[in-house]
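Structure, as structure tokens:
The values are calculated or read from the model by the stated rules, or taken from the named source; none is laboratory data. This structure is a prediction, so every number in the text was calculated from the model and none was measured. In this analysis, Cβ positions are derived from the backbone assuming ideal geometry, glycine residues included, and neighbour counts consider all displayed protein chains.
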Amino acid sequence: MGLEVRSAIEGLGAPWMLATDVAYRHARDLIRIGPAIIAAMGDSTRHLANVVSRDNLRAIRMLRRWGFEVGGEETMIGGVAFLPFAMTC
């Protein structure tokens, strides 16, 4: 889990998280600690945005629980459909 600062001047950052399905065994912990991690990311960048696989329904639910807006125009990357997600801190 981390943050790529895309523009410090404009306050744009791309949060990311890579995990296996084992992470979902700890979903309650992720939901509980997620807001603090997101808040720390917001200290560096006010606007957080990236993409999530359209088919990863568990990740989409978690992003929404953390307060992200998910949806919009799909982007195809390597034959996989992705949806944008974003939040202003």
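Residues that are without any contact (Cβ under 8 Å) to a residue 24 or more places away in the chain, surrounded by 12 or more Cβ atoms within 10 Å (Cβ to Cβ) and more than 21 Å from residue 5 (Cβ to Cβ): does the stretch 76-85 have at least one?
No - not one qualifying residue is present in the stretch 76-85.
When the stretch 28-65 is limited to residues that are small (Gly, Ala, Ser) and at pLDDT 95 or above, the one that is nearest to the chain's Cα centre (by Cα) turns out to be 49.
Each residue in the stretch 10-27 was checked for being under 17 Å from residue 60 (Cβ atoms) and over 16 Å from the mean Cα position of the chain (by Cα), and 1 pass.
One residue stands out among those in the stretch 18-58 that are surrounded by 13 or more Cβ atoms within 10 Å (Cβ to Cβ) and in contact (Cβ under 8 Å) with a residue 40 or more places away in the chain: the one that is nearest to residue 76 (Cα to Cα), which is 48.
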